[in-house]
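What follows is a set of notes on a single structure, which appears directly below.
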Amino acid sequence: MAAREHAGRLPLGAEIALAFATGAGAFALAGVVLAGVGTDLVVALLGVVYVAVVVAVARFANIAYAVPVGMAGILAYDWFFLPPTHPLTFPDSANLVDLVVYLGVAVLLGELAAHAARRAEAAERAREEIADEQAALRRVATLVAQDVPAQELFAAVAVEAGILLDVHGIRIARYEDETELAHVAEWSKPGYDPPAYDHAKLEGTSVSAEVLRTWRAARIDDYEDVEERASFARGVDVRSVVGAPIIVEGRRWGVLLAWSASGSLPTDMEGRLTEFAELVATAVSNTGARTGMAGLADEQVALRRVATLVAKAVPTAEVFEAVTREVGLRCDADLARMERFEPDGTVTAVAAWSRVDDAQLAVGRRFALEGESIATQVLATGRPARVDTFVGASGPIAHEAQALGIRASVGCPIVVGGRTWGVIAASTRRETPFPANTESRIADFTELVATAVSNAEAQTDLLASRARLLTASDDASRRVVRDLHDGAQQSLVQVIMTLRLIEHTLAEGDEAAKALVGEALDQAEQANGELRELAHGILPAVLARGGLSAGVSALVSRLRVPVEVAVPRDRFPPEIEASAYFVVAEALTNVAKHAGAQSVHVTARVDDGVLHVHVRDDGVGGARADGTGLRGLNDRVAAMDGRLEIESPPGDGTRIAVTLPLQRRPVL
């Protein structure tokens, strides 16, 4: 306002000098006119004209000049018309002093009058501006009371601010993840339309980034000096930008920007823009419960994202990372971490998130539950907890917080099946404490984590149960094989040997007896062969003795198609060897019966604790994955927490691939 008040004014000294010169000139001109007038009527008419001139000077020039001009006219009338009159010559020293004093007093009175007039004009302008601002606020408040849509409300704020502040454009934007700016509303004067955007990265130099960093109003007076503009400011013909933070319930919600395409914005723009930013914050806060503009909508979107991950049964580690990140963002925290309580009284960090790269909470580390921490309080009470300061606190978690500059934390328990499984905590490095509703916002996410953990534990228990059943089945098969080999098969071998001795003894004896013995011998050898085949189909002894490599070699030895084998001689857990063996056996059986292949490749390797087995042939392809044999193999592999893949395009051979973890995934 001060800048506008002084706009177009001469410096005080120059104004006084000009006023004095104007008064002196008017005195001289009036003296010349009056000296040539001889009648009272003409003087009266000239007086009326002179008064009109004085009024015109006061109206269109400045009252500081009108007062000296009026005083000069009175002095001229007294000197040159009323007796005793003065000669129309340059006054002597005594008269000159009188004239200077009169004109000086007139100039002083004129300046005082001008100052009073300017004060009155400024007060009137201030009243008008306040009235305009109050009217704008009332209009926006009316929209809030009418519960208009949020986008309409923000657009109205942009229009009101742009017109009232007399700028070329107004922008309202919302911060997302402190790395991105989301468009909310825009207004600009005709012909000054900036490029549209929905989202823009906070990169380069910008007022928005500075407001986010400092939580205060910021400005750039000349964008021509900025070499690396933010992406959303490129292509915008702006000279000066001022931004004010929109702070809602203690968190940085967004920024209100005003820009000019011609010269710097006034020095009082930050204050006036901040008033509108507070209006936006109030509107967001007041409509938050109904429209979610205070973060509720974002929170619901975040909850849906996490719930989708849980429903898709993605790995729990992915769920943990997503939840921790969402908690940090939704709570406007600087850091966040999820921790799992261990049976030995420690706590393990399972996921962490940080807003900046230079401050990272540990993950995978175990902490003793000693001293001051959210985890210690939650485990002891089973309830949400806060730590308002870590200054002077003891314990490993408190020491980590002190090293990272954490000032305060708030956290909630994760309750699974009635037990306190773990905790999620959000932390801040700022002095501003977390709002009172932070615990409830975190609790919404802990319920999803509890569901994910319950699902994962149920899946783990199911897989473990299936694996135990499979192992028990394999063990039973081994016992059957052993019993067949040690019992019935040995007995048949003994019978065969006895029959051979009888046959040898009867070599020259009774031909009928010899024929009967020969028939019995053939039947015993046939039964022994069938018994051997039966035992081999259940679980071959060579697999137990020599492992997967020996078992595959035995399978290949009975196949007439050339087979290239690359299987390590390493031993694996029995259930892994059995599952891999049956996959290869089924694949080779399909080759022998259906594929018409000319060659087969069987490979196995171990990568990162996982056994990979591949069987590939060059046959006719077209194998059906839903066949009885392959479907049974898929169930067996799934029970081992593995995966079976089949590729068999018609005419292009068949590829069967299986992955079997050598160690089961740990229970959460």
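The values are calculated or read from the model by the stated rules, or taken from the named source; none is laboratory data. In this text the structure is predicted, and so the values were computed from the model without any measurement. Every residue, glycine as well, gets a Cβ built from its backbone with ideal geometry; the counts of neighbours run over all protein chains shown. These area figures cover heavy atoms from the full protein model, side chains too; ligands, DNA and RNA do not enter into them. Shrake-Rupley method; radii C 1.70, N 1.55, O 1.52, S 1.80 Å.
For the stretch 43-61, the condition holds for at least one residue, the condition being that it is aliphatic (A, V, I, L, M), more than 16 Å from residue 29 (Cα to Cα) and in contact with a helix residue (DSSP H, G or I) (Cβ under 7 Å, 6 or more places away or on another chain).
Each residue in the stretch 147-167 was checked for being more than 25 Å from residue 268 (Cα to Cα), open to solvent by less than 60 Å² (accessible area, probe 1.4 Å) and touching a residue at least 60 places away in the same chain (Cβ under 8 Å), and 2 pass.
Looking across 75, 103, 99, 108, one residue alone is of a type in the set (A, V, I, L, M, F, W, C), modelled with pLDDT of 75 or more and part of a helix (DSSP H, G or I). It is 108. The residue that is modelled with the lowest pLDDT, among those in the stretch 190-216 that are of a type in the set (Asp, Glu) and open to solvent by 90 Å² or more (accessible area, probe 1.4 Å), is 198. If the condition is being modelled with pLDDT of 70 or more and touching a Phe, Trp or Tyr at 6+ places or on another chain (Cβ under 6 Å), then the stretch 221-238 contributes only 238. Look at the stretch 252-267: where a residue is surrounded by fewer than 18 Cβ atoms within 10 Å (Cβ to Cβ) and a partner is in a strand (DSSP E or B), sitting 6+ places away or on another chain with Cβ atoms under 6 Å, you get 252/175; 264/240. Within the stretch 129-186, the set of residues being touching a Leu at 6+ places or on another chain (Cβ under 6 Å), assigned to a helix (DSSP H, G or I) and under 26 Å from residue 209 (Cα atoms) comprises 153, 156. For residue 608, the conditions (1) at pLDDT 85 or above; (2) more than 41 Å from the chain's Cα centre (by Cα); (3) loosely packed, with under 13 Cβ neighbours inside 10 Å are fulfilled apart from (2). Taking the stated definitions as given, is residue 372 buried (at least 16 other Cβ atoms within 10 Å of the Cβ), over 21 Å from the mean Cα position of the chain (by Cα) and part of a loop (DSSP other than H, G, I, E, B)? Yes; evaluated as a whole, the condition is true for this residue.
Candidates 443, 450, 425: the one that is at negative phi and either at pLDDT below 80 or among the β-branched types (Val, Ile, Thr) (or both) is 450. When the stretch 612-635 is examined, which residues are found to be of a type in the set (D, E, K, R), at pLDDT below 85 and part of a loop (DSSP other than H, G, I, E, B)? Answer for the stretch 612-635, where residues must be of a type in the set (D, E, K, R), at pLDDT below 85 and part of a loop (DSSP other than H, G, I, E, B): 624, 626. Being closer than 15 Å to residue 346 by Cα and either open to solvent by less than 20 Å² (accessible area, probe 1.4 Å) or out of contact with any helix residue (DSSP H, G or I) (no Cβ under 8 Å at 6 or more places or on another chain) (or both) holds for only one residue in 408, 403, 398, and it is 398. The single condition among (1) modelled with pLDDT of 65 or more; (2) over 52 Å from the mean Cα position of the chain (by Cα) that residue 579 does not meet is (2). For the stretch 54-100, filtered to residues that are closer than 12 Å to residue 22 by Cα and of a type outside the set (A, V, I, L, M, F, W, C), the residue that is surrounded by the most Cβ atoms within 10 Å (Cβ to Cβ) is 68. Would you say residue 401 is of a type in the set (Gly, Ala, Ser), modelled with pLDDT under 90 and part of a helix (DSSP H, G or I)? So residue 401 fails the test. Among the residues of the stretch 315-358, those that are acidic (Asp, Glu) and either more than 15 Å from the chain's Cα centre (by Cα) or open to solvent by less than 30 Å² (accessible area, probe 1.4 Å) (or both) comprise 318, 326, 332, 334, 339, 342, 344, 358.
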